[in-house]
Amino acid sequence: MVDVAIIAGSSSDRPVAEKAISVLEERGVSYEFVVLSAHRDPDRLDEYVRQSDCRVFITIAGLAAALPGVVAARTEKPVIGVPVSGTLLGIDALLAIVQMPPGVPVACVGVDNGANAAHLAVRILAAAGTR
């Protein structure tokens, strides 16, 4: 069992994931990192989310940034979305992540701020009494 599952929508999101990984390692929080696209790998993503024994998901996505919402629609666990900068400086991804429909909550941190996503995950774990 891992505390945090970090899912990036593309391998190009790895630098943002590294920021989260650094914080989690520093805090001694277990994690795993995978690259699964909501658009290119929907079946594999669905299977991964449903079978994951993690406590918190960190999802990293740019452009349309569907990944956080898709994950949140398939789990009752907390989901943190990290928008990734792109052609519109990440504003497109930021807006996509914060505009979830009722009943599909996703916490959102700043553009490219994988570190804050990890800090938030640690606080969620602490509030749940698992840290």
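Taking the criterion of being at pLDDT 95 or above and either within 15 Å of ALA121 (Cβ to Cβ) or of a type in the set (A, V, I, L, M, F, W, C) (or both), the residues of region 1-17 that qualify are VAL2, ASP3, VAL4, ALA5, ILE6, ILE7, ALA8, VAL16, ALA17. Restricting attention to region 39-66 and to residues that are modelled with pLDDT of 95 or more and under 15 Å from SER85 (Cα atoms), the residue that is surrounded by the fewest Cβ atoms within 10 Å (Cβ to Cβ) turns out to be ALA66.
Applying a threshold of 7 Å to beta carbon distances and a minimum spacing of six or more residues, or different chains, the list of pairs starting in region 59-70 at a residue that is of a type in the set (Ser, Thr, Tyr) and ending at one that is crowded, with 24+ Cβ neighbours inside 10 Å and part of a helix (DSSP H, G or I) reads THR59/LEU67; THR59/PRO68; THR59/VAL71. Condition check for CYS108 on (1) crowded, with 17+ Cβ neighbours inside 10 Å; (2) under 18 Å from LEU45 (Cα atoms); (3) in contact with a strand residue (DSSP E or B) (Cβ under 9 Å, 6 or more places away or on another chain): one failure, at (2).
When you look at ARG27, is it under 19 Å from MET1 (Cα atoms), surrounded by 18 or more Cβ atoms within 10 Å (Cβ to Cβ) and touching a helix residue (DSSP H, G or I) at 6+ places or on another chain (Cβ under 8 Å), yes or no? Give the steps one after another, and end with the answer.
Details: under 19 Å from MET1 (Cα atoms): yes; surrounded by 18 or more Cβ atoms within 10 Å (Cβ to Cβ): no; touching a helix residue (DSSP H, G or I) at 6+ places or on another chain (Cβ under 8 Å): yes.
So ARG27 fails the test.
For region 11-32, the candidate set comprises residues that are in contact with a Leu (Cβ under 9 Å, 6 or more places away or on another chain) and hydroxyl-bearing (Ser, Thr, Tyr); within that set, the residue that is farthest from GLY62 (Cα to Cα) is SER30.
Can you find even one residue in region 82-89 that is at pLDDT 95 or above, touching an Asp or Glu at 6+ places or on another chain (Cβ under 8 Å) and β-branched (Val, Ile, Thr)? Yes, there is a match, as at least one residue in region 82-89 is at pLDDT 95 or above, touching an Asp or Glu at 6+ places or on another chain (Cβ under 8 Å) and β-branched (Val, Ile, Thr).
The values are calculated or read from the model by the stated rules, or taken from the named source; none is laboratory data. Everything numeric here is computed off the predicted structure, so don't read it as measured data. Every residue, glycine among them, receives a Cβ derived from its backbone with ideal geometry; neighbour counts consider all protein chains shown.
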